[in-house]
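Participant: Take this structure first; my questions come after.
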Amino acid sequence: MSLTDRLVATGKAHGAVAVGVCEAGVFGPEREALVSRAASGRSGRLHFTYTEPEVATDVRHTFEWARSLVVVAIDYSRTSLAPAPTGAVVARFATSDHYRLLDPILDALTHELSATGYRAERLVDDNRLVDRAAAVRSGVGWWGRSTMVLTPGPGPWTLLGTIVTDAELDPTSPMIRTCGTCVACLPACPTG
């Protein structure tokens, strides 16, 4: 069993709905999209990955030793919700720290890589990586019309975590899926 296969099995055994691997390279189309959105004002007041698109779209700016990315997705649709402030429109994942659900999975993957002699650092909700691009490239999901990553099963109800490693892992295949004619996410989006 290859190290990639072991990592996928470990991630799923610890609760990931999807695990994929891709090369730690430049996400060119995503960089162009970030620059274009920021220049046109379509990024709103968001600064997250828009501040430094060249960093967010190439993890090697921060981790020069990076060779591969291990991306995991969890389903948070069944977690309890904290109430949003009255009249507020708040993304469901922002009602509490749902990202903590990634901890046991990322810990197990980091341990697996470290025990094999590789460097491994985790990135969660971090502006040094456009994690959705890594998720699509690694086959964890595909781009939905809403620009969210959709994963079979939970659809958009996923949170992503990434392990940056110096291991040269076999990449997993991207999904060949689209939304077809479905536009259900667009009118359903609470922010319009």
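Participant: Kindly rank 179-188, 137-146, 105-114 from highest to lowest mean number of other beta carbons found within 10 Å of each residue.
Facilitator: So the peptides 179-188, 137-146, 105-114, ranked by packing, come out 137-146, 105-114, 179-188.
Participant: Which whole-number percentage describes the relative contact order of region 115-192, with Cα contacts under 8 Å and a sequence gap of 6 or more?
Facilitator: Taking the mean separation of contacting Cα pairs over the length of region 115-192, I get 37 percent.
Participant: Pop the C-beta distance of Ala188 and Glu23 into the FRET formula with R0 = 35 Å and round what comes out to the nearest 0.05.
Facilitator: The pair Ala188/Glu23 has a calculated efficiency of 0.55.
Participant: Another question, then. How many percent of the accessible area of region 97-192 is carbon or sulfur, using a 1.4 Å probe?
Facilitator: 54 percent
Participant: Using only the Cα atoms of region 96-187, what do you get for the radius of gyration and for Dmax, in Å?
Facilitator: 14.7, 48
Participant: Moving on to the next point. Given H placed on each backbone N at 1.01 Å, which residues far from Asp166 in sequence or on other chains put an amide H within less than 5 Å of it?
Facilitator: Answer set, sorted by chain and number: Arg67, Arg119.
The values are calculated or read from the model by the stated rules, or taken from the named source; none is laboratory data. Since the model is a prediction, treat every value here as computed from it, not as a measurement. Glycine gets a Cβ as well: all are built from the backbone with ideal geometry, and neighbour counts include every protein chain shown. Heavy atoms of the whole protein, side chains included, go into the accessibility calculation; ligands, DNA and RNA do not. Shrake-Rupley method; radii C 1.70, N 1.55, O 1.52, S 1.80 Å.
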